[in-house]
There are 2 protein chains.
Amino acid sequence: MSTRDNLAEAFAGESQANRKYLAFAKKAEAEGLPQVAKLFRAAAHAETVHAHAHLRAMDGIKSTVDNLKEAIEGEGFEFQKMYPPFLEQAKQEGHRAAENSFKFALAVEEVHHDLYQQALAAVQNGVDLADRPIYVCEVCGNTVYDEAPDKCEVCLVPKDKFTRIA
Amino acid sequence: MSTRDNLAEAFAGESQANRKYLAFAKKAEAEGLPQVAKLFRAAAHAETVHAHAHLRAMDGIKSTVDNLKEAIEGEGFEFQKMYPPFLEQAKQEGHRAAENSFKFALAVEEVHHDLYQQALAAVQNGVDLADRPIYVCEVCGNTVYDEAPDKCEVCLVPKDKFTRIA
Ligand SMILES: [Fe+2]
Ligand SMILES: [Fe+2]
Ligand SMILES: [Fe+2]
Ligand SMILES: [Fe+2]
Ligand SMILES: [Fe+2]
Ligand SMILES: [Fe+2]
């Protein structure tokens with residue numbers, strides 16, 4: 001194991017700790033423990049500092065053109081290679097929660113793959129994307145330009161489950 | 001590989017994609033591409049939805065007492081087992097950026113370990129923590145109650161590098 005591998009492993013650990021602590025903060029709020037929730041949010045913020053420092057130390061942040069290419073490759077891997085067998089196995093095991101979670105992610109990564117390709121084409125032509133609102137579905141992650149649909153095409157929830165991204 | 005393993009792998013992937021996209025968004029802003037930055041933030045938000053859905057599907061969010069015990073175990077692993085050999089190897093390789101990044105994270109995970117233990121003691125006594133401000137250092141993640149120090153004890157930056165957590 002080289003330092004390069006160690007940075008990758010530490011980035012993975014810090015990234016997951018951040019996501020867990022934010023989920024644990026919501027749970028603490030729900031249990032009537034707002035100050036424990038705040039501690040989880042504080043530690044989550046610290047893990048963001050660590051994750052991004054490790055990412056910089058491994059030169060993981062490149063030009064936007066290269067960052068978009070990496071994002072396209074990652075999204076393509078997920079919707080073409082990773083999620084299809086995961087979804088199949090969840091069905092075979094009768095694990096309904098996993099089946100839904102994998103199905104939604106698979107559909108949305110294909111959307112991301114396409115949106116990032118459009119962004120790459122723009123940036124390679126020397127321009128930014130047009131200034132249009134973007135909405136994200138809080139149930140499945142569906143990512144939609146201009147306006148939230150009456151019903152999410154991926155998970156079928158109504159318009160009010162979409163959040164506009166600042 | 002079971003669906004349980006697949007959920008863990010998908011959670012790891014979604015968590016890291018979110019952290020990368022937020023870093024890529026900042027880079028796009030710096031390159032004068034605010035609309036590409038917004039797309040990265042939107043996809044990052046979607047990956048949060050996916051990560052948390054996978055975490056729920058694997059019953060990864062338990063009671064706050066159990067969540068604190070898991071957090072304490074994770075922090076203990078990082079500052080006692082994971083980061084010390086990573087730090088040693090970075091020194092041997094002369095990789096200064098990694099050395100700093102590992103050194104800061106190591107010190108801060110011990111702080112988190114202690115703060116989570118105090119939180120666990122409170123919750124096991126049936127009470128929330130006291131309502132005190134918490135500050136996080138944007139350079140090293142140092143996590144401090146009550147007020148930001150004049151100089152960060154971990155990375156030595158001045159007080160204005162600390163952010164108060166809401
Ligand atoms: Fe950390
Ligand atoms: Fe995605
Ligand atoms: Fe949806
Ligand atoms: Fe995702
Ligand atoms: Fe930590
Ligand atoms: Fe610091």
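Looking across region B:91-119, the residues that are touching a residue at least 12 places away in the same chain (Cβ under 8 Å) and more than 9 Å from chain A (Cβ to nearest Cβ) come down to B:Lys103, B:Leu106, B:Ala107, B:Glu110, B:His113, B:Gln117.
Within region A:62-88, residues that are free of Cβ contacts under 8 Å to residues at least 24 places away in the same chain and more than 10 Å from chain B (Cβ to nearest Cβ) have Cβ atoms under 9 Å from residues that are open to solvent by 10 Å² or more (accessible area, probe 1.4 Å) and assigned to a helix (DSSP H, G or I) in these pairs: A:Gln80/A:Glu110; A:Gln80/A:His113; A:Pro84/A:Leu106, counting only partners at least 6 apart in sequence or on another chain. Checked against (1) touching a Phe, Trp or Tyr at 6+ places or on another chain (Cβ under 9 Å); (2) within 12 Å of A:His50 (Cβ to Cβ); (3) in contact (Cβ under 8 Å) with a residue 40 or more places away in the chain, B:Cys137 passes all but condition (3). For the criterion of being farther than 23 Å from A:Val123 by Cβ and not aromatic (Phe, Trp, Tyr), A:Ala71 fails.
Residue by residue, here is whether (1) closer than 30 Å to A:Ile165 by Cβ; (2) of a type outside the set (D, E, K, R) holds:
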site: B:Asn6; (1), (2): yes, yes
site: B:Pro34; (1), (2): yes, yes
site: B:Glu70; (1), (2): no, no
site: B:Gly76; (1), (2): no, yes
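Of all the criteria given as (1) over 18 Å from A:Ala12 (Cα atoms); (2) open to solvent by 50 Å² or more (accessible area, probe 1.4 Å); (3) not hydrophobic (A, V, I, L, M, F, W, C), the one not satisfied by B:Glu9 is (1). Quick one: would you say A:Leu7 is within 30 Å of B:Ile72 (Cα to Cα), away from ligand 2 (no atom under 16 Å from the Cβ) and more than 7 Å from every other protein chain (Cβ to nearest Cβ)? Taking the combined requirement at face value, the residue does not satisfy it.
What do you reckon, is A:Gln89 within 16 Å of ligand 4 (Cβ to nearest atom) and not β-branched (Val, Ile, Thr)? Criteria not met by A:Gln89. Among the residues of region A:126-136, just one is more than 7 Å from chain B (Cβ to nearest Cβ) and either in contact with a Pro (Cβ under 9 Å, 6 or more places away or on another chain) or over 20 Å from B:Ala25 (Cβ atoms) (or both), namely A:Tyr135. Annotation: of all residues in region A:94-152 being more than 13 Å from the chain's Cα centre (by Cα), charged (D, E, K, R) and assigned to a loop (DSSP other than H, G, I, E, B), the one that is surrounded by the most Cβ atoms within 10 Å (Cβ to Cβ) is A:Asp128.
The values are calculated or read from the model by the stated rules, or taken from the named source; none is laboratory data. Keep in mind it's a predicted model, so treat the numbers as computed, not measured. In this analysis, Cβ positions are derived from the backbone assuming ideal geometry, glycine residues included, and neighbour counts consider all displayed protein chains. Note: areas computed on protein heavy atoms with side chains; ligands, DNA, RNA excluded. Shrake-Rupley method; radii C 1.70, N 1.55, O 1.52, S 1.80 Å.
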